[in-house]
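Accompanying notes for the structure given below.
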Amino acid sequence: MTCICTERLAGHKNYLFQRLLAEKLPYSSFRFDFRGNGESTGQPGYANMAEDTEDLHTIARYFEKEGYEIWAIVGHSRGSVAGLKYATTCEKPLAHFVNVSGRYQMNDNQIYKNRPEIGEALDRQGFFDWKVRQRDRYVTVKVTRKEVEKFITWDNSHVARMPKSTCVLTCHGINDQIVPVYNAAMFANAISNHTLRLIPDADHNFIGKYEVIVQVILDYFATHEKNAFEKGEC
């Protein structure tokens, strides 16, 4: 069994709790950088959710060709957005998807609330500067209003078509100021086979709470494996 881990916008494969999670998972895992981020080549894009989903399909096909079963995907923030799209479009349903700090409502203007300078830059010059880590340095990408519109019009309602055989865990920090916690409730309401875990005193990136979020994910997997064993499903 293989677990694929995906990261947030402008993140990278060793960002935040991902490395710790990979070290503690009791089965093989693979962390990667979406195109244009971290160690991956290509052009980064502020609204590259479709391209991120393509990357996931490409990686999954490679591992399946090598004889691995893609058992679970763990996504954080925008990595969850792409991962959820993969989970509703892949040929063989996943057993599990873990959605950490995922955004359901894309058009809530949260970006302008958190960073008013972005709206000011768009009004003044039609773009804002976005820093992306590529390999050993940060590069600046100009994000236009068209890219922002592409981001906020992305539709996550497809999660209602999640295969019933795919168990989804949503983990969200109660103190998340980047993706408000009501997004977690929206996923819980839309997905039939769903478990919700709200983490007290945790922010969007689970700063100071890496051990907590990793343990929540490990406990979730362990519980499901135990239940499957007792039912004779594994």
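The values are calculated or read from the model by the stated rules, or taken from the named source; none is laboratory data. Small disclaimer: the values here were computed from a predicted structure and weren't measured. Cβ coordinates were reconstructed from backbone atoms using ideal geometry, including for glycine residues, and neighbour counts include every protein chain displayed.
Quick check: anything in the range 57-69 surrounded by 13 or more Cβ atoms within 10 Å (Cβ to Cβ), within 17 Å of the chain's Cα centre (by Cα) and not small (Gly, Ala, Ser)? Yes, because at least one residue in the range 57-69 is surrounded by 13 or more Cβ atoms within 10 Å (Cβ to Cβ), within 17 Å of the chain's Cα centre (by Cα) and not small (Gly, Ala, Ser). Going by the conditions given, is residue 49 touching a residue at least 40 places away in the same chain (Cβ under 8 Å) and more than 25 Å from residue 138 (Cα to Cα)? Here the answer is no, as residue 49 does not meet what is asked. Within the range 76-87, is there a residue that is over 18 Å from residue 151 (Cα atoms), among the small types (Gly, Ala, Ser) and surrounded by 24 or more Cβ atoms within 10 Å (Cβ to Cβ)? Within the range 76-87, one or more residues are over 18 Å from residue 151 (Cα atoms), among the small types (Gly, Ala, Ser) and surrounded by 24 or more Cβ atoms within 10 Å (Cβ to Cβ).
You will find that of 143, 98, 148, the residue that is β-branched (Val, Ile, Thr), modelled with pLDDT of 90 or more and either in a loop (DSSP other than H, G, I, E, B) or under 24 Å from residue 207 (Cα atoms) (or both) is 98 and no other. A Cβ distance below 8 Å, combined with a sequence gap of six or more or placement on separate chains, defines the contacts here; from the range 60-76, residues that are on the phi < 0 side of the Ramachandran plot and touching a residue at least 12 places away in the same chain (Cβ under 8 Å) reach residues that are among the aromatic types (Phe, Trp, Tyr) and exposed (fewer than 15 other Cβ atoms within 10 Å of the Cβ) in the pairs 71/27.
Just wondering, is there one or more residues in the range 182-203 that are β-branched (Val, Ile, Thr) and assigned to a helix (DSSP H, G or I)? So far as the range 182-203 goes, no, none of its residues is β-branched (Val, Ile, Thr) and assigned to a helix (DSSP H, G or I). One residue stands out among those in the range 151-165 that are hydrophobic (A, V, I, L, M, F, W, C) and assigned to a helix (DSSP H, G or I): the one that is surrounded by the fewest Cβ atoms within 10 Å (Cβ to Cβ), which is 160.
Every test in (1) within 19 Å of residue 105 (Cβ to Cβ); (2) at pLDDT 95 or above; (3) touching a helix residue (DSSP H, G or I) at 6+ places or on another chain (Cβ under 9 Å) is passed by residue 178 save one, and that test is (2). Just checking, how many residues over the range 123-143 are surrounded by fewer than 17 Cβ atoms within 10 Å (Cβ to Cβ) and over 22 Å from residue 38 (Cα atoms)? Summing the residues that are surrounded by fewer than 17 Cβ atoms within 10 Å (Cβ to Cβ) and over 22 Å from residue 38 (Cα atoms) in the range 123-143 gives 4.
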